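The values are calculated or read from the model by the stated rules, or taken from the named source; none is laboratory data. Keep in mind that what you see is a predicted model, and the values were worked out from it rather than measured. Heads up, the Cβs are rebuilt from the backbone with ideal geometry, glycines too, and the neighbour counts pull from every protein chain shown.
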Amino acid sequence: MPLFENSLTSKLPRVGTSIFTEMSQMANQYKAINLSQGFPDFDVDDELIKLVKKYLNKGIHQYAPMQGAIQLREAISKKISSQYGNHYHPESEITITAGATQAIFTAISAFVKEEDEVIIFTPAYDCYEPTVELNGGRSVFVQLKSPDFKINWEEVKKLISQKTKMIIINSPHNPTGQILDENDLKELEKITNDSEIIILSDEVYEHIIFDKNQHQSICKYPKLSNRSFAVFSFGKTFHVTGWKMGYCIGPKNLMNEFRKVHQFNVFSCNHPLQLALAEYLEIEEYYLRLGDFYQEKRDYFNDIIQSSRFTIIPSSGTYFQLLNFSNISEDSDLEMCKKLIREHKIASIPISVFYNSTLDEKNLRFCFAKKKETLDAAGEILIKI
């Protein structure tokens with residue numbers, strides 16, 4: 001009998017293999033076009049690669065400071081100040097992390113304890129709830145519905161209690177591609193005023209926003225930013241998801257607690273990559289042009305599938321497009337995803353898995369961060385279904 005077979009108690013009994021892993025494995029098995037997992041299939045900018053080589057050749061092979069290389073923290077401070085008009089001190093209010101997921105895990109772990117409540121808007125990226133659960137907290141869900149996925153702030157207000165420790169927001173939003181507007185941030189400001197609720201703002205797609213809209217960062221709102229963490233991703237911004245490089249910003253008193261956890265679950269992140277990114281950030285165009293770059297891909301993909309039987313739910317940001325298949329099948333979205341892989345050789349993600357409930361509105365998420373030939377091949381399949 002295997003050791004612990006009858007006595008082992010899981011801290012995450014309801015968590016299995018992630019939907020991203022499952023769909024990507026099926027895509028590989030059936031040799032399907034993989035528009036499920038969110039990663040680009042095109043090359044990284046040569047200038048960034050040259051900078052990485054530069055610092056590798058300089059012999060930068062030892063630990064970076066726990067908080068991150070000061071050059072990169074200074075570059076981030078300058079960037080945030082320029083973009084959002086708020087100064088974060090590079091010494092005490094910015095920490096470099098091993099991707100955004102680690103930053104989110106660390107922020108929740110630093111503050112959420114037994115019986116604390118965390119408000120999460122669903123459909124939600126799948127790392128929020130398990131981290132709350134691991135720390136003994138309780139997730140309180142606000143369900144957003146297709147096609148606009150707008151937040152009902154009156155409902156949120158009713159759910160706030162003495163036990164509410166944190167509210168997690170995400171804009172531009174994965175998996176729906178929707179964005180929060182100025183009114184949303186002002187409503188959040190209003191309902192958390194005079195409380196000690198911490199806001200965790202997942203802003204990893206900050207520069208991938210379309211149709212001349214402006215990203216409403218938590219950093220732009222002083223009454224919110226003084227109680228908030230904001231989390232960002234170099235992987236999403238510079239097409240290097242495999243580097244697992246991100247950062248977290250927040251006021252000094254919160255960041256002190258964040259770093260207490262960060263130093264023990266990561267300590268420090270890849271040193272030469274940090275120095276390369278610091279130098280690369282000096283040219284604003286590298287990230288400011290991102291919205292137009294991905295809007296062109298969104299529009300190209302949507303034009304290709306315009307004649308299909310799928311209904312396009314407009315994407316305002318991220319590199320994901322929701323397609324509704326109500327006109328095609330009565331299958332569940334999970335079964336439809338599997339069928340598309342097995343029978344049509346194209347992979348997507350079902351949206352129902354991002355809810356805590358059984359809500360299935362027959363929406364699938366497709367990643368359009370791909371080369372034109374990949375999108376052409378995907379479109380050819382979709383218009384035949």
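On the basis of being assigned by TED's automatic domain parsing to the domain that holds Lys165, of a type in the set (Val, Ile, Thr) and either buried (at least 21 other Cβ atoms within 10 Å of the Cβ) or assigned to a helix (DSSP H, G or I) (or both), does Ile49 make the cut?
Values: assigned by TED's automatic domain parsing to the domain that holds Lys165: no; of a type in the set (Val, Ile, Thr): yes; either buried (at least 21 other Cβ atoms within 10 Å of the Cβ) or assigned to a helix (DSSP H, G or I) (or both): yes.
When the stated conditions are applied, Ile49 does not pass them.
For Ile160, all conditions in the list (1) surrounded by fewer than 18 Cβ atoms within 10 Å (Cβ to Cβ); (2) within 22 Å of Thr101 (Cβ to Cβ); (3) in contact (Cβ under 8 Å) with a residue 40 or more places away in the chain hold save one; what is the number of the exception?
With (1) surrounded by fewer than 18 Cβ atoms within 10 Å (Cβ to Cβ); (2) within 22 Å of Thr101 (Cβ to Cβ); (3) in contact (Cβ under 8 Å) with a residue 40 or more places away in the chain applied to Ile160, the lone miss is (2).
Restricting to the range 179-219, what's the tally of residues that are buried (at least 23 other Cβ atoms within 10 Å of the Cβ), closer than 21 Å to Lys165 by Cβ and of a type in the set (Ser, Thr, Tyr)?
Qualifying residue count for the region: 1.
Restrict the check to the range 74-82 and report whether at least one residue is over 15 Å from Lys252 (Cβ atoms) and part of a loop (DSSP other than H, G, I, E, B).
Checked the range 74-82: no residue is over 15 Å from Lys252 (Cβ atoms) and part of a loop (DSSP other than H, G, I, E, B).
Cβ-Cβ under 8 Å, sequence separation 6+ or interchain: first residue in the range 329-342 and surrounded by fewer than 21 Cβ atoms within 10 Å (Cβ to Cβ), partner of a type outside the set (D, E, K, R) and part of a helix (DSSP H, G or I). Which pairs?
Between residues of the range 329-342 that are surrounded by fewer than 21 Cβ atoms within 10 Å (Cβ to Cβ) and residues that are of a type outside the set (D, E, K, R) and part of a helix (DSSP H, G or I), the close pairs are Ser329/Met336; Ser332/Ser352; Leu334/Ser352; Leu334/Val353; Lys338/Met26; Arg342/Met26.
Can you confirm whether Gly250 is crowded, with 18+ Cβ neighbours inside 10 Å, more than 29 Å from Val112 (Cα to Cα) and out of contact with any Lys or Arg (no Cβ under 8 Å at 6 or more places or on another chain)?
On the way: crowded, with 18+ Cβ neighbours inside 10 Å: yes; more than 29 Å from Val112 (Cα to Cα): no; out of contact with any Lys or Arg (no Cβ under 8 Å at 6 or more places or on another chain): yes.
For Gly250, the condition - crowded, with 18+ Cβ neighbours inside 10 Å, more than 29 Å from Val112 (Cα to Cα) and out of contact with any Lys or Arg (no Cβ under 8 Å at 6 or more places or on another chain) - is not met.
Can you name every one of the helices (runs of 4 or more DSSP H) wholly within the range 238-332 that holds 1 or more residues which are within 30 Å of Lys223 (Cβ to Cβ)? Explain how you work it out, then say what you get.
Details: elements: 252-265, 271-280, 285-288, 290-304.
Once the helices (runs of 4 or more DSSP H) in the range 238-332 are filtered for at least 1 residues that are within 30 Å of Lys223 (Cβ to Cβ), what remains is 252-265, 285-288, 290-304.
Which of (1) at pLDDT 95 or above; (2) under 23 Å from Glu182 (Cα atoms) is the odd one out, the single condition Thr106 does not satisfy?
(2)
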